[in-house]
Amino acid sequence: MSVRVLVADDQEIVRTGLTMILNAQPDIQVVAEAANGQRAVELAQRLRPDVCLLDIRMPGVDGIEATRMLAGPTVADPLAVVVITTFDLDDYVYAALRAGARGFLLKDAGPALLAQAVHAAASGDALIAPSITARLLTAFASTGPAAPPAQPTEVLTEREEQVLAAVARGRTNSEIADELYITLSTVKTHIASLMAKLGVRNRVEIAIWAYETNRVRAGSR
């Protein structure tokens, strides 16, 4: 079954290019296009695509605000959002992740990484451009969060701490399973437990929490 995607970008040539790249994948189908954030939100709420691919800089409602409207903390049934942009700026990335994005890519990422990010978001995973993941999260953790990070509702187990650190380093579920010699289903169980204990809704928020609480430090891989 194909992953249904909405593409939003105010530049027609970019929007068309992204759509062509995604539709060339055998298991991805672009079901809607939007030239601005407001239209993207309207279409997404009506069509409920599996993934919304949003540009950050759009007129009116930008990609970050659109992400917040579709996947933010107050959204009862959030959609999966991947933000894509030309600009490798930390404040953009951090704002997008805080707004609820499950992924962040640069427009020069290439077809393979774009498809990988869409699949990751559709399956509840997350993919952030490798060039910015650790740098971004570490930089913001070093300045401290806007508010003290929430404490877990229960003490994390040793295995949960290991999974937490791996998620924060950008590892996929399969990579975590291989590294820790556990099954894929066990990884998913630990991640679900982490989300419940930390009061977060996805692995990006798990990663942010890990950096803000110094569970993972600068230079960690």
Next on the checklist: As a test of the definition: which semi-axes, in Å, follow for region 3-55 when you take the square root of five times each eigenvalue of its alpha carbon gyration tensor? Largest first, please.
Outcome noted: 16, 14, 6
Checklist entry - Taking amide H positions as placed 1.01 Å from N in the peptide plane, with prolines and chain starts having none, which residues 5 or more places from residue 30, or on another chain, fall under 5 Å of its amide H? => result 5, 23
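Report in % the part of the accessible area of the chain that belongs to carbon and sulfur, leaving out ligands and nucleic acids; probe 1.4 Å. Don't jump to the answer; show the numbers that get you there.
Details: 5440 of 10340 Å².
C and S atoms contribute 53 percent here.
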Checklist entry - Hey, can you rank 66-73, 48-55 by average C-beta count inside 10 Å, highest first? => result 48-55, 66-73
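Report the far tail of the P(r) of region 67-108, meaning the percent of Cα-Cα pairs longer than 14 Å.
Values: 353 of 861 pairs.
For region 67-108, the share of Cα pairs beyond 14 Å comes to 41 percent.
With n ≥ 4 as the cut-off for DSSP H runs, can you work out [θ] at 222 nm for the chain, using -39500 (n - 2.57) per run divided by the number of residues, rounded to the nearest 500? Let's see the in-between values first.
Values: 10 runs with 109 residues, N = 221.
Mean residue ellipticity, 222 nm, calculated: -15000 deg cm²/dmol.
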Checklist entry - By how many degrees, between 0 and 90 and to the nearest 10, does the Cα long axis of helix 184-198 differ from the longest principal axis of the chain? => result 80
Checklist entry - Which values, in whole Å and largest first, are the semi-axes of the equivalent ellipsoid of region 146-213 obtained as the square root of 5 times each eigenvalue of the Cα gyration tensor? => result 20, 12, 10
Checklist outcome for this item: region 3-139 accessible area per residue, 1.4 Å probe, protein heavy atoms, integer Å², reads 42
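In nm², what is the average projected area of the convex hull enclosing the Cα atoms of the chain?
Numbers: hull surface 47.0 nm².
That works out to 11.7 nm², a quarter of the Cα hull's surface.
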Next on the checklist: Just to confirm, what accessible area per residue do you get for region 146-213 at 1.4 Å probe, in whole Å²?
Outcome noted: 50
Next on the checklist: How are the alpha carbon pair distances in region 1-89 distributed across 5 Å bins from zero to the largest one, expressed in percent?
Outcome noted: 3, 16, 28, 26, 18, 8, 2, 0
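The values are calculated or read from the model by the stated rules, or taken from the named source; none is laboratory data. Everything numeric here is computed off the predicted structure, so don't read it as measured data. Positions of Cβ are generated from backbone atoms using ideal geometry, with glycine treated the same way; all protein chains shown enter the neighbour counts. Each accessible area value is taken on the protein alone, full model and side chains, heavy atoms only, with ligands, DNA and RNA left out. Shrake-Rupley method; radii C 1.70, N 1.55, O 1.52, S 1.80 Å.
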